[in-house]
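The values are calculated or read from the model by the stated rules, or taken from the named source; none is laboratory data. Only a predicted model underlies this, so the values are computations on that prediction, with no experimental measurement involved. Note that each Cβ is placed from the backbone with ideal geometry, even for glycine, and that neighbours are counted across all protein chains shown. Please note that ligands, DNA and RNA were not included when accessible areas were found on the heavy atoms of the full protein model with its side chains. Shrake-Rupley method; radii C 1.70, N 1.55, O 1.52, S 1.80 Å.
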Amino acid sequence: AVLKKRLVKLVVNFLFYFRTDEAEPIGALLLEHCRITKEEENVFSISFVEEPERKYCFECDSKEQCQEWVEALKRASYEFMRRSLIFYRNEIQKMTGKDPLEQYGISEEARFQLGTRKQ
């Protein structure tokens, strides 16, 4: 394993990485179908379902910073956001008796239904 110092930036469900002296990213990881694992006190890794043998490891300055990154990355995937939307939609519907997505004309779309997987 080769260790390289990189700056990273999370934008929705992409983790961009940069060389420390450059403004343009040199790559990005799409945080879908991946596993975020805390490896050590201040180290976490990202691996993907399609390539489980390949791991991207990240070392943070502190265990607190590491925990913040792990939590943020776990919340970054489309699937997590979709499940959260469905959960809160159901909670609002229980409280108000109305579907909050109905006003946008999208309440019947398959992607907002429980148990529907879009591949």
inquiry  = For the pairs Lys4/Lys38; Lys38/Lys94; Lys9/Lys38; Lys4/Lys74, flag any whose C-alpha to C-alpha distance is greater than 30 Å.
reply    = Lys38/Lys94
key: Taking the stretch 7-79 and dividing mean pair separation by its residue count, relative contact order in percent (alpha carbons under 8 Å, at least six apart)   = 26
message = Quick check on packing: order 101-109, 30-38, 60-68 by the mean number of other C-beta atoms within 10 Å, highest mean leading.
response = 30-38, 60-68, 101-109
inquiry  = Given a 1.4 angstrom probe, what's the average accessible area per residue across the stretch 7-79, in square angstrom?
reply    = 67
ask   = Any idea what angle helix 78-96 forms with the longest principal axis of the chain, computed on alpha-carbon atoms, 0 to 90 degrees, nearest 10?
value = 30
Crossing angle, helix 63-74 versus the chain [Cα axis fit, 0-90 degrees, rounded to tens] = 40
request  = Express in nm, to one decimal, how much length is gained between Lys4 and Glu71 on full extension, taking 0.36 nm for each residue of separation and deducting their alpha carbon distance.
outcome  = 21.8 nm
ask   = At a 1.4 Å probe radius, carbon and sulfur cover how many percent of the accessible area of the chain?
value = 51
inquiry  = Heavy atoms of the protein only, probe of 1.4 Å, neighbouring chains included. What is the accessible area of Tyr78 in Å², nearest 10?
reply    = 100
Separation of alpha-carbon centers, the stretch 35-88 and the stretch 90-112, rounded to whole Å = 29
inquiry  = Please report the projected area of the stretch 5-49's Cα convex hull averaged over all directions, in nm².
reply    = 3.6
task = Go through Phe44, Phe14 and list them by solvent-accessible area, largest first, probe radius 1.4 Å.
result = Phe14, Phe44
About the Cα centre, charge dipole magnitude for the chain (Lys/Arg +1, Asp/Glu -1 at Cβ), debye = 260
ask   = Quick one, which of (i) 54, 30, 27; (ii) 38, 31, 27; (iii) 37, 36, 28 is the actual Cα extents along the principal axes in Å calculated for this model?
value = (i)
Cysteines having no other Cys beta carbon under 4.7 Å from their own, within the chain = Cys34, Cys57
